[in-house]
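Participant: This is the structure, below, for whatever I ask next.
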Amino acid sequence: MINKDNLLKMVPKKEDRVLIKSVIDKYMKYEKTNISTYTNFLDIRQYKLIEKILKHEKISFNTYKACEECEKLLIYFGNYEDYVTVYSFKNSDIKHKDVLGTLFSLGYDIDTIGDIFINDDVIYITNLSRLNNFLENSLYSIKNKRVKLEKVNEIILKEDRFINLKIVIPSYRLDVIVSKLAHLSRNDSIKIINNNMVLLNYEEVTNNSKIVNIGDIISIRKVGKFIINKELLVSKKDNYLVEIKKYN
């Protein structure tokens, strides 16, 4: 039997407790009815938090994201039932922030907005399928530019979306990695971390010794956004050669 009160004590932030409670309620409803259910879109920080709780309770779950490059995913219990739809439209003058701002103005919340990709003149929007009718009937223009939505089966992205980097680090401490990526001294990397200029998985972090994991996303103000992609090798001196993907 799941004790939600005890679980929620493990989560310090109020908004995270609300999220965890919602996910546990969905699971308990699935267990009772055997009807598949799912979360809204989760960013990587939210997912890792929920994953920890679900694994702690030995709860089986599944995940889905529209493509490998997506940063947002959803958790579902039971069978996948076309919870996400991908739309595309063509316009070379519309930017990511324009699409995001329009969706917010239509009433979307951050957890109901999926990944948005700009690929030359093609824009992709990943949408919760239950909101398809709303999107199709509401999204006619962005920045006074007419858009025509079309459902597509896949997201096709250009290969040069990322710049591939390789760094050698003695440890996976945040300040060590930020120092390498921003070309700063360790002391200066600690300063920008302490000044809230670094996000780890979309969350401000001031603990410069925090350990970064493969798959984590680091955003450094005025430098860029990076994915810790994979560890290539460990040297005899215990240094790590790590592949980093920088958003182009």
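The values are calculated or read from the model by the stated rules, or taken from the named source; none is laboratory data. From a predicted model like this one, the values you see are computed outputs, not experimental measurements. Please note: Cβ atoms are built from the backbone with ideal geometry, for glycine as well, and neighbour counts cover all protein chains shown. Only protein heavy atoms, including side chains, enter the accessible area calculation; ligands, DNA and RNA are left aside. Shrake-Rupley method; radii C 1.70, N 1.55, O 1.52, S 1.80 Å.
Participant: Considering Cα pairs under 8 angstrom that are at least six residues apart, work out the relative contact order of the chain and quote it in whole percent.
Facilitator: Values: 380 pairs, mean separation 34.6, N = 248.
Relative contact order of the chain: 14 percent.
Participant: Any chance you could run the full-extension gain for Asp82 through Tyr140? It's 0.36 nm times the residue separation minus the Cα-Cα distance, nm to one decimal.
Facilitator: Numbers: separation 58, 0.36 × 58 = 20.88 nm, distance 2.39 nm.
18.5 nm is the gain from fully extending Asp82 to Tyr140.
Participant: In the structure shown, do any of Lys145/Lys222; Lys32/Lys151; Lys143/Lys225; Lys65/Lys230; Lys210/Lys230; Lys65/Lys225 have a Cα-Cα gap over 23 Å, and if so which?
Facilitator: Working: Lys145/Lys222 30 Å; Lys32/Lys151 34 Å; Lys143/Lys225 26 Å; Lys65/Lys230 20 Å; Lys210/Lys230 18 Å; Lys65/Lys225 20 Å.
Checking Cα-Cα distances, Lys145/Lys222; Lys32/Lys151; Lys143/Lys225 exceed 23 Å.
Participant: How would Lys222, Lys29 rank on accessible area, largest to smallest, probe 1.4 Å? Numbers along the way, then the final one.
Facilitator: On the way: Lys222 195, Lys29 135 Å².
So, going from the largest accessible area down, we get Lys222, Lys29.
Participant: How high is the FRET efficiency from Glu31 to Glu150, r the C-beta distance, R0 35 Å, rounded to 0.05? Show your work: numbers first, answer last.
Facilitator: Values: r = 38 Å, r/R0 = 1.09.
FRET efficiency, Glu31 to Glu150: 0.35.
Participant: Length gain on complete extension for the stretch Lys97 to Asn239, per 0.36 nm per residue less the alpha carbon to alpha carbon distance?
Facilitator: Values: separation 142, 0.36 × 142 = 51.12 nm, distance 3.87 nm.
Taking Lys97 through Asn239 to full extension adds about 47.2 nm, to one decimal.
Participant: Same structure again: Could you pull out every residue, at least 5 positions away or on a different chain, whose amide H is within less than 5 Å of the one on Ser36? Hs are placed 1.01 Å off N in the peptide plane, and Pro or chain starts have none.
Facilitator: Excluding prolines and chain starts, which carry no amide H, the hits are Asn79.
Participant: What does the accessible area of Glu150 come to, in Å² to the nearest 10, when a probe of 1.4 Å is used?
Facilitator: For Glu150, solvent-accessible area is about 110 Å².
Participant: With all protein chains present and a 1.4 Å probe, how do Thr39, Thr63 order by accessible area, largest first? If you can, show how the numbers build up before the last one.
Facilitator: Working: Thr39 5, Thr63 65 Å².
The residues order as Thr63, Thr39, largest area first.
Participant: For His183, His96, give me the order by solvent-accessible area with a 1.4 Å probe, most accessible first, ignoring ligands, DNA and RNA.
Facilitator: Numbers: His183 160, His96 85 Å².
The ordering from most to least exposed comes out as His183, His96.
Participant: Shifting gears a bit: Report the relative contact order of the stretch 146-213, percent, no decimals, based on alpha-carbon pairs under 8 angstrom and at least 6 residues apart. Spell out each step's value before the answer.
Facilitator: Numbers: 51 pairs, mean separation 18.2, N = 68.
Value for the stretch 146-213: 27 percent.
Participant: Also, I was wondering about something else. Test of understanding: what is the full-extension gain from Asn195 to Asn119, defined as 0.36 nm times their sequence separation minus their Cα-Cα distance?
Facilitator: Details: separation 76, 0.36 × 76 = 27.36 nm, distance 3.35 nm.
Additional length available on full extension: 24.0 nm.
Participant: Give me the distance in nm between label points sitting 7 Å out from Cα along the Cα-to-Cβ direction at Asn213 and His183, one decimal.
Facilitator: Each label point is offset 7 Å from its Cα along the Cβ direction, giving 3.2 nm.
Participant: For the stretch 101-248, what relative contact order do you get, as a whole percent, if you take Cα pairs closer than 8 Å and at least 6 residues apart?
Facilitator: Here the relative contact order equals 19 percent.
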